[in-house]
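Worksheet for the structure shown next.
The values are calculated or read from the model by the stated rules, or taken from the named source; none is laboratory data. A quick note: this is a predicted structure, and the numbers were derived from the prediction, not measured. FYI the Cβ positions are ideal-geometry reconstructions off the backbone, even for glycines, and counts take in every protein chain you see. What goes into the accessible areas is simple: the full protein's heavy atoms, side chains included, and nothing from ligands, DNA or RNA. Shrake-Rupley method; radii C 1.70, N 1.55, O 1.52, S 1.80 Å.
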Amino acid sequence: FNDNIITGLYFKNLNEVDKAEGYLFGGEGNIAKAESKYEIKILAAYAQIRKSITNKLTMDNSIRIEFNDISYIGKSFGYSNDTLPDVNANKSYILNGFKSSLNYKIGSRSNIFAHFSYGYKSGGINQQPYVSDQNRVYNPEYLSNFELSYKTKTEKHYLNLSYFYNKRFDQQVSISAQQNQTDPNSFYYFTSNSKNAGFSRGAELEFQYQIFKNLKLKSSL
């Protein structure tokens, strides 16, 4: 529409067909062959709006909504043609993400930047034949992130100092658990969602200085 507004649509249809032979899924059932079909359909719409509040302060806002559909069919056969449990699963998600940021110009060479964002990583399907139906599908993971930074640049030096904090919700983790209550040896690895939230936080420093025409010092922490 104009220089300050961007809109768009995104579509993806991925079809993956796999055939494999050998020591698969940890050799369960002396597997010799496995065949699978994986289909992922994604339809998303997004928009970004940039607005100059004053001649020094600029705001950016963006949003994305995604419709995500995944399906998986897998069949496995042993050396003696014995079959393992079939895997047939599908799941649909509606996912949302957004970002809001502010950029303030202190002067011609320095500015302060702050942003908050909320994103996602899609869920999926565990392909191990002996994973229980309860653990077959894992859900999306979400991440909220805040960052505050100061940047300044002259002909001789560049400085970027920032602080960040992000928090993970419904974390996707790899675990091992007993899948058959009557079989204590039925421990298999699979992806699941953690009920607890995780976080990371820290600070970053990047510094550059032009000592001579052909010699530059770069440091980061």
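Looking at the calculated P(r) for the stretch 45-99, what percent of the C-alpha pair distances fall above 15 Å?
Details: 1031 of 1485 pairs.
Pairs farther apart than 15 Å: 69 percent.
Quick one: putting +1 on the C-beta of Lys and Arg, -1 on the C-beta of Asp and Glu, what dipole do you get for the chain around its Cα centre, in Debye to the nearest 20? Could you put the intermediate results ahead of the total?
Details: 26 positive and 20 negative charges, 332 e Å.
Here the chain has a charge dipole of around 1600 debye.
What's the long-distance tail for the stretch 153-202, i.e. % of Cα pairs beyond 12 Å? If you can, show how the numbers build up before the last one.
Values: 919 of 1225 pairs.
For the stretch 153-202, the fraction of Cα-Cα distances above 12 Å is 75 percent.
Report in % the part of the accessible area of the chain that belongs to carbon and sulfur, leaving out ligands and nucleic acids; probe 1.4 Å. Show your work: numbers first, answer last.
Details: 7820 of 14950 Å².
Exposed carbon and sulfur together represent 52 percent of the surface.
When the chain is fully extended, how far beyond the present Cα-Cα distance does Tyr10 get from Glu39, taking 0.36 nm per residue of separation? Write down the numbers at each step before the final one.
On the way: separation 29, 0.36 × 29 = 10.44 nm, distance 1.67 nm.
Here the answer is 8.8 nm.
If R0 is 30 Å, what FRET efficiency do you get for Ala177 and Ser117 from their C-beta distance, rounded to 0.05? All intermediate terms of the calculation are to be shown ahead of the outcome.
Details: r = 33 Å, r/R0 = 1.09.
After rounding to 0.05, the efficiency reads 0.35.
With the dipole of the chain worked out from charges on the C-beta (+1 for Lys and Arg, -1 for Asp and Glu) around the Cα centre, which of Gln172, Asn96, Ser108 lies farthest toward the positive end?
So the residue furthest toward the plus end is Ser108.
Averaged per residue, what accessible surface does the chain expose to a 1.4 Å probe, in Å²? Provide the component values of the computation, followed by the final result.
Values: 14950 Å² over 221 residues.
Per residue, the chain has 68 Å² of solvent-accessible surface.
Subtract the Cα-Cα distance of Ser101 and Lys51 from 0.36 nm times their separation in residues, and report this length gain in nm to one decimal. Before the final figure, lay out each step's value.
Values: separation 50, 0.36 × 50 = 18.00 nm, distance 1.07 nm.
Here the segment from Ser101 to Lys51 would lengthen by 16.9 nm.
Which of these values of Rg and Dmax of the Cα atoms in Å was calculated from the structure shown: [x] 17.2, 50; [y] 44.4, 154; [z] 24.7, 76?
[z]
Just to confirm a number: summing +1 for Lys and Arg and -1 for Asp and Glu over residues other than Lys41 whose beta-carbon lies under 15 angstrom from that of Lys41, what do you get? Could the numbers behind the result be given before it?
Details: positive: Lys12, Lys37, Lys91; negative: Glu16, Glu39, Glu66, Asp69.
That sum, taken over residues with Cβ under 15 Å, equals -1.
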